[in-house]
Amino acid sequence: MVHKTYKRGIGNFTFGENYMARRSQMEILIDILKAVANGKRKPTHIMYRANLSWTRLKKQLDFLEKQELLDNTVTDEGAIFKITPKGKEVLEYFKRIEGELYYKKRTLPTEVYIHYK
């Protein structure tokens with residue numbers, strides 16, 4: 001899960017406090033899918049890994065179940081979530097897009113500066 005922080009400020013003056021940029025709905029859903037894919041199966045574990053409130057998590061889990069991206073199994077210990085093959089496919093697709101958008105910038109020959117003394 002990647003969080004972006006920005007400094008708030010006016011013009012050239014910057015306040016000392018950082019704040020988190022809000023995640024989009026898609027980023028939240030992807031964070032949930034990543035948490036489940038990485039072995040977090042219980043709702044409270046998913047909630048902490050995805051950094052969501054309980055009410056927000058329940059809404060998102062319901063949505064992901066309706067989209068057939070997650071399976072919910074109720075056991076004696078409570079609800080257990082598993083990622084479906086369709087959910088894995090969506091997660092892999094997102095990772096490919098993310099890789100293309102946020103690839104590591106390669107240094108171009110025009111950007112190399114040599115300092116002589």
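Restricting the search to region 44-91, which residues are at negative phi and in a loop (DSSP other than H, G, I, E, B)?
Across region 44-91, the qualifying residues are Leu52, Ser53, Gln67, Leu69, Asp76, Glu77, Thr84.
When Glu65 is tested against (1) surrounded by 18 or more Cβ atoms within 10 Å (Cβ to Cβ); (2) at pLDDT 95 or above, only condition (1) is not met. Considering (1) modelled with pLDDT under 90; (2) surrounded by 11 or more Cβ atoms within 10 Å (Cβ to Cβ), the lone condition that Gly99 does not fulfil carries the number (2).
The values are calculated or read from the model by the stated rules, or taken from the named source; none is laboratory data. Here the structure is a predicted model, which means the values were calculated and not measured. Here Cβ is always computed from backbone atoms with ideal geometry, including for glycine, and neighbour counts include all displayed protein chains.
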